[in-house]
Amino acid sequence: MPVAARPVDDPLTWLDAERSTALLAIELAVRWGLDELAWELAAVVAPYFDHRGLYEEWRHGHRLALDAVREHGNVRGEAELLRGLAQVTIYRDELDRASAYPVHARTLFERLGDRRGEGLAVAGMATIGQIRAAAGTLAGTGVLERAAAVFHRNGDRTDEAARWQTLGDVATARGDHALARHHHDRSTRLLLSACAGSDAADVSPALHGRVG
């Protein structure tokens, strides 16, 4: 992939022309044992694949790099790639396969002490949980409860509240109004607590929707 001396006028058109070269660069990095470069290339090009809906290319690049980072014991690279694989697999509606990726990524981020990475992995877990909960599966509510627990541990009251809000909505749809009230009340208390802190501006719209 040629390196541009200055920003190109039309980045998407340039990437369209170079997308096969991007995958080749990942393959070469893997072949030469450059695992750090391999996963970074895969991560950098993923937003382009996302934008264009090139999910197979996205997954292929991540799988190539994942084999390399695992071979070299690159925990950071493995965690980042697993998080990306979760996202693209969700897009492909392969929830059973997708569900394992963010759980493993979260474990690795936790080992690294990377709370932001852990939170992003939990967000992936929560996305899967919300999709499954909307379909009325108990597995979905379980994932949402685990995600809420991680947000609670990290002190992220706003995201924890969002999970309990969703769980309350699911309970309402199932006709369990007592459980729905319990979950919604818990969500409201968390949002009120968050409003008392520095993130009040971020949570006030959600709180308005809950307590009017």
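Nothing in this text is a laboratory measurement; each read-out follows from the coordinates by a stated rule. Since the model is a prediction, treat every value here as computed from it, not as a measurement. Heads up, the Cβs are rebuilt from the backbone with ideal geometry, glycines too, and the neighbour counts pull from every protein chain shown.
In the stretch 113-186, what trypsin sites (Lys or Arg not before Pro) fall in a loop by DSSP, with at most 10 other Cβ atoms inside 10 Å? Spell out each step's value before the answer.
Numbers: sites: Arg115, Arg116, Arg132, Arg146, Arg153, Arg157, Arg163, Arg174, Arg181, Arg186; in loops: Arg174.
Taking the stretch 113-186 and a limit of 10 other Cβ atoms within 10 Å, no loop trypsin sites (Lys or Arg not before Pro) are found.
Hey, what D do you get for the stretch 10-101 in µm²/s if you plug the Kirkwood alpha-carbon radius into Stokes-Einstein at 10 °C and 1.306 mPa s?
121
Roughly how many debye, to the nearest 20, is the charge dipole of the stretch 1-99 about its Cα centre, given +1 on each Lys and Arg Cβ, -1 on each Asp and Glu Cβ, and no other charges?
That gives the stretch 1-99 a dipole magnitude of about 80 debye.
Give the angle, between 0 and 90 degrees and rounded to the nearest 10, that separates the Cα long axis of helix 138-153 from the longest principal axis of the Cα atoms of the chain.
Its long axis makes an angle of about 90 degrees.
Two decimals, Cα atoms only, Kirkwood Rh: what is Rg/Rh over the chain?
1.06
In degrees from 0 to 90, rounded to the nearest 10, what is the angle of the helix 11-31 Cα long axis to the longest principal axis of the chain?
It works out to around 80 degrees.
Measure nothing fancy, just the Cα-based angle from helix 55-71's long axis to the longest principal axis of the chain, in degrees from 0 to 90, nearest 10.
80
Per-residue HN-Hα couplings for the stretch 167-176, Karplus 6.51 cos²θ - 1.76 cosθ + 1.60 at θ = phi - 60°, whole Hz, x for Gly and Pro?
Along the stretch 167-176, the couplings run 4, x, 5, 5, 4, 4, 4, 8, x, 8 Hz.
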